[in-house]
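The values are calculated or read from the model by the stated rules, or taken from the named source; none is laboratory data. These numbers were taken from a predicted model, which means no experiment stands behind them. Note: ideal-geometry Cβ built from the backbone for every residue, glycine included; neighbour counts use all protein chains shown. Keep in mind that these areas ignore ligands, DNA and RNA; they rest on the heavy atoms of the full protein, side chains included. Shrake-Rupley method; radii C 1.70, N 1.55, O 1.52, S 1.80 Å.
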Amino acid sequence: MGNDTDKLIDLTDTGLPDEELFTQIPQDMSSVEKIVAPKYSYWHSVFRVFFSKKSNIVIIALLVMVLAFAYIYPVFHPYDKFENILDTTAKHLTPMQAMKRFGFSIRWLFGTGESGQSTFDAIWYGSRISMSLAIICTLINFSIGLVVGALWGFSKKVDMVMNEIRNVVWIIPGTFVTSVLIMIFSPSFWTLIFAICITGWLGVAYSLRTQVIIIRDREYNLASKCLGSSTVRIATRNILPYMISYIVTVMATSIPAYIGMEAGLSYIGLGIADTTLGKIVNNASSAMMVPGWGWEFWCPVMFSAFLSIVLFLVGQSLGDAADPRTHML
Amino acid sequence: MLKYFFKRLFRGLLSVIVAVVAIMILLFVVMDKMTIFQEDEQYQRLLNNQKIIYRYTMWEKYSYLDYVTYNDYLNELVRDGELEESFKESIAKIGKTAAQDKPDVAEYVAKFTEYYESKGYEVIRLDAVMATPVRVASGGQQHLFAAQNTPVLIRVAKFFGGLLHFDSIHYADGDIEDRGLSFTLHDPVYGGEKFSPAIIGNGTYHKYLLYFDRYFPYIHQNFTWITLGQSYTVNKGVEVLKTMGQRQGAYITSTTYYPTGLVAEGAEDLHSATYAKGTRETTNVNMRLYSDDYTSVDLVKTSGSKVFYSFVVSIFGSIFSYLLGLPLGVLLAKNKDTWIDQLGSAYNVFMIAVPSLSYYFMIKALGSKLGLPTSFSLDNPSVLMYLMPVVTIVLAGIAGQMKWMRRYMVDQMNSDYVKFARAEGLSEREIFSKYIFKNAAIPIVHGIPGMFVGAISGSIIMERVYIIPGVGGLFLQSISSYDNGVIVGLAVFYGLLSILSTILGDILMAIMDPRISYTSKAR
């Protein structure tokens, strides 16, 4: 070991001028805070990636249009199921017949239904309720599901208890539980939400728990823990950003799922009394096979398919854009 | 490993019990009992006391409570020999108010009250409602009765206590000579000539304890059976499991050899005969047909049971979605990032995003355009009527299988062991069938028992779209008519099935993959 120090060379012995040698630079406090990497803002990048695809602009435009129609149109043209109830010639009309009968108006674009009502009005009115229901259900399920899912993933004790609860709830089909709850509380807007949410959050929480467990024990979190980060900090700073893309995808795609669920429940007679998309389909289902009456049935069916696909595509693209790995330039 | 699965089964059964308790609490405690009258027109029309009485009789019918009228009590006393029939008549009519009771009546009313209050019942006396001082208002007659809500715990205990039954020769409670089992090689149901072994009991609940017939599974036993409670309204008084398994449709008559020796055209399935005390003497028909009290028989009908239809439709649907979906997934993986792959993912998005209801109707309309039958008919059944429901399941099921298989293939094709196999000079076909598919098959096998369960519970919405007389329809019927018996029974049925299926799936997986072990030692 002693030999090594002998080999060190005194720089002045090399004979080089001072400019060629290392010199000490005084510490500059102002440059400590500067980062040379390009500026990165998460949400800014999300929107940049999202809008960089042309197809995304088209579907978001469609979504905005649908939302605007659903929430604004019924204000100007309130849906009245019985507006033409006494007019026997106004029932089950195709758009052409309806426009001939009532004059040209956007209201008769989809023809008329079994009591002479405008199918166009009904669809917007119904989709407003259906969408509100789906959005509220999603918000409730995700706010409960996120908190419980995070705890479930982090705590071993909570994991044990919640797994038992899940075992009990999941042995019985979801439709079964929801139907029984709707029967018990007799259907209204809020009881339907209650019936869907009372078991719905469990699914969200469980899928989140799985994600948390996968990420929880990664090396960077272990390192963070060794450096003394609290569990809350690890959860909010280390893990949450990782999962935002996942959460956004699941959340956005669950809105069309709830619209579909409501339509299904209405069809089997467990929907709410108010007009929803499912209810319109259910009421018109007898017209499906009657020649010439198809419009009043197929318009709501196709519209709910269209609405769901738009919502789903927006959700999926938003989820893709929310994934930081797509943010690289 | 056996021990592990028994433990799982035990825990699963505990979960079923907890779930049933929860559902019973919901149905019998949380649910407002007045809900069942919401759409009852008869109830709306009734007035005064009659309305209240109707309410209680209906609640008893739906098994919410135990309801005993003063008259029932007196009849009970007469039956026990404590009261003379003629005396009973004189005290049967209570006064318009308690103060107007005759002394004899007052004495028995007091006895009635004391007896039932000591048993925890609530005794209710409704005084007559008068329209004028002398005339009783419509439906305003006076009533006296006792009622008690059955506590949930007792309900649960009763339910699980009555779940499993074992037949014994001491079951029937009448005067039966020579109780016992007899074995015959020539089943009397077939006339006593044909060779068909059977075990016949006397004193047992079922007459035929073991027999052969031409219905699946051909050999049947009645030594032990399961009951899931009674239906209250959908199929009044009939056991839930029987409601699901009973044949439907029109009667089929065939030459029947009745126990009395009478040979005639009849629809009775004599193998299903069960004991009902004293029924032989009640009607002349029974006297002619039966030689003992085993007179309660099922009738042979043309069409299969509810479980049968749900099962057949979904099983074929699931099998074909596996058979088509898996190869398609492989195809997509092999053509990754080409138009085929994009078409596949577009199909997938369509299937996930479109509400199932809209999808069902689109397929149904397509089917009717092609001239295929789009609804079930029990009157003129044909194989074709299964086609559209099966296609509906297959087209939806393919999406899931395809997506999964594609994902798996893409992941595996870049894995080290596949690269190594390729370097060794194995052909792509060999790599796929010997390595990749073997690994991919493990989770597929795991899902198969679950598929069977899904098959039985069926898709509730789809059964309604195609008017399939299946279990889903039964469930909807029980919901719309508040049949709590059927609801609880179906919950237990689904629960048991899903537990068995997950355990079976795990066993199959362990058989397929020797690396998987459930014992802690091997871990």
Next on the checklist: Exactly one of these conditions fails for B:L476: (1) closer than 30 Å to B:F159 by Cβ; (2) of a type outside the set (V, I, T); (3) more than 14 Å from chain A (Cβ to nearest Cβ). Give me its number.
Outcome noted: (3)
Checklist entry - What tally of residues in the range B:99-111 results from selecting those that are modelled with pLDDT of 85 or more, among the hydrophobic types (A, V, I, L, M, F, W, C) and surrounded by fewer than 13 Cβ atoms within 10 Å (Cβ to Cβ)? => result 1
Checklist entry - Taking the range B:34-48 on its own, how many of its residues are among the aliphatic types (A, V, I, L, M) and assigned to a helix (DSSP H, G or I)? => result 2
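Would you check if B:D32 is touching a helix residue (DSSP H, G or I) at 6+ places or on another chain (Cβ under 9 Å) and acidic (D, E)? Give the derivation first.
On the way: touching a helix residue (DSSP H, G or I) at 6+ places or on another chain (Cβ under 9 Å): yes; acidic (D, E): yes.
It is true that B:D32 is touching a helix residue (DSSP H, G or I) at 6+ places or on another chain (Cβ under 9 Å) and acidic (D, E).
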Checklist outcome for this item: All conditions in (1) more than 12 Å from chain B (Cβ to nearest Cβ); (2) in contact with a helix residue (DSSP H, G or I) (Cβ under 9 Å, 6 or more places away or on another chain) are true of A:A284 except (1)
Item to check | Those helices (runs of 4 or more DSSP H) lying entirely in the range B:431-523 with at least 3 residues open to solvent by 50 Å² or more (accessible area, probe 1.4 Å) | outcome: B:437-457, B:484-512
Next on the checklist: Going through A:A61, A:A98, A:A68, A:A37 one at a time, which residue ends up being outside any loop (DSSP other than H, G, I, E, B), at pLDDT below 75 and open to solvent by less than 90 Å² (accessible area, probe 1.4 Å)?
Outcome noted: A:A98
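Between A:S143, A:S115, A:S45, A:S130, which is of a type in the set (G, A, S), open to solvent by less than 40 Å² (accessible area, probe 1.4 Å) and closer than 30 Å to A:L202 by Cβ?
Numbers: A:S143 fails: open to solvent by less than 40 Å² (accessible area, probe 1.4 Å); A:S115 fails: closer than 30 Å to A:L202 by Cβ; A:S45 fails: closer than 30 Å to A:L202 by Cβ.
Criteria check complete, one pass: A:S130.
Which of the helices (runs of 4 or more DSSP H) found entirely inside the range A:112-229 contain at least 3 residues meeting this: within 20 Å of the chain's Cα centre (by Cα), at pLDDT 90 or above and away from every other protein chain (no Cβ under 14 Å)? Even if it seems obvious, please write down each step before you answer.
Working: elements: A:119-154, A:156-170, A:174-185, A:189-216, A:219-226.
So the answer is A:119-154, A:189-216.
What tally of residues in the range B:238-274 results from selecting those that are assigned to a loop (DSSP other than H, G, I, E, B), touching a Ser or Thr at 6+ places or on another chain (Cβ under 7 Å) and more than 21 Å from B:P217 (Cβ to Cβ)?
The initial filter retains those residues of the range B:238-274 that are assigned to a loop (DSSP other than H, G, I, E, B), namely B:238, B:246-247, B:252-253, B:258-262, B:267.
Next cut, touching a Ser or Thr at 6+ places or on another chain (Cβ under 7 Å) only: B:238, B:246-247, B:252, B:259-260, B:267.
Adding the requirement that they be more than 21 Å from B:P217 (Cβ to Cβ) leaves B:238, B:259-260, B:267.
Residues meeting the conditions: 4.
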Checklist entry - Has the range A:295-316 got any residue that is out of contact with any Gly (no Cβ under 9 Å at 6 or more places or on another chain), open to solvent by less than 50 Å² (accessible area, probe 1.4 Å), under 21 Å from A:Q211 (Cβ atoms) and within 11 Å of chain B (Cβ to nearest Cβ)? => result yes
Checklist entry - Do you know which residues across the range A:258-292 are aliphatic (A, V, I, L, M), assigned to a helix (DSSP H, G or I) and free of Cβ contacts under 8 Å to residues at least 40 places away in the same chain? => result A:V281
Item to check | When residues of the range A:237-284 are limited to those that are more than 24 Å from the chain's Cα centre (by Cα) and surrounded by fewer than 17 Cβ atoms within 10 Å (Cβ to Cβ), the one nearest to B:Y482 (Cα to Cα) | outcome: A:G269
Next on the checklist: For A:S254, only one of the following conditions fails: (1) in contact with a Cys (Cβ under 9 Å, 6 or more places away or on another chain); (2) under 16 Å from A:I182 (Cα atoms). What is its number?
Outcome noted: (2)
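Can you tell me how many residues within the range B:61-76 are of a type outside the set (K, R) and either in contact with a Lys or Arg (Cβ under 7 Å, 6 or more places away or on another chain) or at pLDDT below 85 (or both)?
Taking the range B:61-76 and keeping what is of a type outside the set (K, R), we get B:62-76.
Checking which are either in contact with a Lys or Arg (Cβ under 7 Å, 6 or more places away or on another chain) or at pLDDT below 85 (or both) leaves us with B:62-64, B:74.
Going through the range B:61-76 one residue at a time, the tally reaches 4.
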Checklist entry - Scanning the range B:15-28 for residues that are facing chain A (nearest Cβ under 10 Å) and surrounded by fewer than 20 Cβ atoms within 10 Å (Cβ to Cβ), which turns out farthest from A:N167 (Cα to Cα)? => result B:L26
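Quick one: would you say A:P291 is over 25 Å from A:H92 (Cβ atoms) and either within 8 Å of chain B (Cβ to nearest Cβ) or open to solvent by 10 Å² or more (accessible area, probe 1.4 Å) (or both)? First the steps, then the outcome.
Numbers: over 25 Å from A:H92 (Cβ atoms): no; either within 8 Å of chain B (Cβ to nearest Cβ) or open to solvent by 10 Å² or more (accessible area, probe 1.4 Å) (or both): yes.
It is false that A:P291 is over 25 Å from A:H92 (Cβ atoms) and either within 8 Å of chain B (Cβ to nearest Cβ) or open to solvent by 10 Å² or more (accessible area, probe 1.4 Å) (or both).
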Checklist entry - Only one residue in B:K3, B:K7, B:K51 is open to solvent by less than 60 Å² (accessible area, probe 1.4 Å), of a type in the set (K, R) and in a helix (DSSP H, G or I). Which one? => result B:K51
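Quick grid of which residues meet (1) at pLDDT 90 or above; (2) under 28 Å from B:F493 (Cβ atoms); (3) at the interface with chain A (Cβ under 10 Å from one of its Cβ atoms):
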site: B:K3; (1), (2), (3): no, yes, no
site: B:K7; (1), (2), (3): no, yes, no
site: B:V30; (1), (2), (3): no, yes, yes
site: B:T35; (1), (2), (3): no, yes, yes
site: B:E41; (1), (2), (3): no, no, no
site: B:Q44; (1), (2), (3): no, no, no
site: B:N49; (1), (2), (3): no, no, no
site: B:W59; (1), (2), (3): no, yes, no
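So is A:I234 within 11 Å of chain B (Cβ to nearest Cβ), in a helix (DSSP H, G or I) and surrounded by 19 or more Cβ atoms within 10 Å (Cβ to Cβ) or not? So that I can check it myself, show each step before the final result.
Details: within 11 Å of chain B (Cβ to nearest Cβ): no; in a helix (DSSP H, G or I): yes; surrounded by 19 or more Cβ atoms within 10 Å (Cβ to Cβ): yes.
Spelling it out, it is not the case that A:I234 is within 11 Å of chain B (Cβ to nearest Cβ), in a helix (DSSP H, G or I) and surrounded by 19 or more Cβ atoms within 10 Å (Cβ to Cβ).
Among the residues of the range B:362-390, which ones are of a type in the set (V, I, T) and open to solvent by 50 Å² or more (accessible area, probe 1.4 Å)?
Residue satisfying the conditions is B:V383 alone.
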Item to check | Output for the range B:149-186, where each listed residue is surrounded by fewer than 16 Cβ atoms within 10 Å (Cβ to Cβ) and among the polar types (S, T, N, Q) | outcome: B:T150, B:S168, B:S182, B:T184
Checklist entry - What are the pairs, 6+ residues apart or on separate chains, where a residue within the range B:186-212 that is at pLDDT below 90 has its Cβ under 7 Å from a residue that is among the aromatic types (F, W, Y) and in a helix (DSSP H, G or I)? => result B:S196/B:Y190
Next on the checklist: For B:S375, only one of the following conditions fails: (1) in contact with a Leu (Cβ under 7 Å, 6 or more places away or on another chain); (2) within 13 Å of chain A (Cβ to nearest Cβ). What is its number?
Outcome noted: (1)
Checklist entry - So how many residues does the range B:86-98 have that are open to solvent by less than 100 Å² (accessible area, probe 1.4 Å) and in a helix (DSSP H, G or I)? => result 6
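May I ask you to verify whether B:S254 is touching a residue at least 40 places away in the same chain (Cβ under 8 Å), more than 25 Å from B:V312 (Cα to Cα), among the polar types (S, T, N, Q) and loosely packed, with under 13 Cβ neighbours inside 10 Å?
Here the answer is yes, as B:S254 does meet what is asked.
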Item to check | Hits in the range B:332-361 (condition: outside any loop (DSSP other than H, G, I, E, B) and either open to solvent by 40 Å² or more (accessible area, probe 1.4 Å) or in contact with a strand residue (DSSP E or B) (Cβ under 7 Å, 6 or more places away or on another chain) (or both)) | outcome: B:K334, B:W339, B:I340, B:Q342, B:L343, B:S345, B:A346, B:Y347, B:F350, B:I352, B:S356
Checklist entry - Identify, please: which residue in the range B:399-430 is in contact (Cβ under 8 Å) with a residue 40 or more places away in the chain and crowded, with 18+ Cβ neighbours inside 10 Å and is, among those, farthest from the chain's Cα centre (by Cα)? => result B:M409
